[in-house]
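Each remark here refers to the structure printed beneath this line.
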Amino acid sequence: MTSRARSLEIAVQDLEGVRTALAVGANRIELCGALGVGGLTPSIGVIEQAVAAALDAAAPSFVHVLVRPRPGGFVYSTDEVATTVRDIRAVRAAGGAGVVIGALTASGDVDRAVTAELVAAADGMQVTFHRAIDAVDSPLETADALIELGLTRVLTSGGAARSIDGVDTLRALKAHVGDRLQIMAGGGVRVGDIGALFAAGIDAVHLSAKVTVDDPSPSGPGGGAQSYDRTDAGVAAEAAAAVLAATLEA
């Protein structure tokens, strides 16, 4: 029996996370800043470092960058769209393999005009539509729109707080789109969920594999938080092993 390929994406915030994801055999990363607020566009410095690390590891398709101009919802002003377009072009110039985007209208539909503009700015890079899809009324119709707009994949929890609780919607999405759009489960994914998520037929899983660590910096009214997130190598390795097991069992 030929096993069906499964893939693992790890959300990381820094070069250490990039190297951890490479070491455990993840298929790609979503490079973000500020995961604590759902993720924002990372700095150009960390993007360049990530691309260099991936190229050193002979993984040119590894770095996918979240391009999101601010926290909050996904209805963007003209200025915010212009910023996003510039950031996408910067990712491409830095050698990124893909970008992760999402834009909605005030009525809760995919903003086709903005999405088309962002896909055009990507100019051949892979484009993932992020969990903005979990805020729409009809994920199946939304998936059709994303296919028409030329996106590569969609990251979704199936509309639930945790992907495992949205598995029925994930299964329906995959059945609806077939091979026209990659369906990647993300949102509260735990290692123990991975087998069941792949059993629903999806193509990939996404998780942050992060742990909160204490910051040794002195505290004070002008200081930052006394903790920060980093990629947990143990969790990342367990996730990679679970993806491999699911692939071999397929």
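Structure summary
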{"quantity": "Considering only region 116-247, percent of DSSP beta bridges that pair antiparallel, nearest 5", "calculated": "35 percent"}
{"quantity": "Among Val81, Ser107, Leu66 - extreme Cα towards positive end, dipole of region 1-149, charges at beta-carbon", "calculated": "Leu66"}
{"quantity": "Alpha-carbon centroids, region 129-146 and region 156-178: separation in whole Å", "calculated": "11 Å"}
{"quantity": "From the C-alpha gyration tensor of the chain, square roots of 5λ in Å", "calculated": "25, 24, 18"}
{"quantity": "The chain - accessible surface per residue (Å², probe 1.4 Å)", "calculated": "45 Å²"}
{"quantity": "Peptides ranked, highest mean first, by Cβ atoms within 10 Å: ranges 128-135, 167-174", "calculated": "128-135, 167-174"}
{"quantity": "Share antiparallel - DSSP beta bridges, the chain, percent rounded to 5", "calculated": "20 percent"}
{"quantity": "Solvent-accessible area, 1.4 Å probe, carbon plus sulfur percent, for region 66-175", "calculated": "48 percent"}
{"quantity": "Cα-centre dipole for the chain with unit charges at Cβ (Lys and Arg positive, Asp and Glu negative), debye to 20", "calculated": "300 debye"}
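The values are calculated or read from the model by the stated rules, or taken from the named source; none is laboratory data. Just so you know, these numbers come straight off a predicted model, no measurement behind them. As a convention, Cβ positions derive from the backbone with ideal geometry for all residues, glycine included, and neighbour counts pool all protein chains shown. Surface accessibility is based on the protein's heavy atoms, side chains included, excluding ligands, DNA and RNA. Shrake-Rupley method; radii C 1.70, N 1.55, O 1.52, S 1.80 Å.
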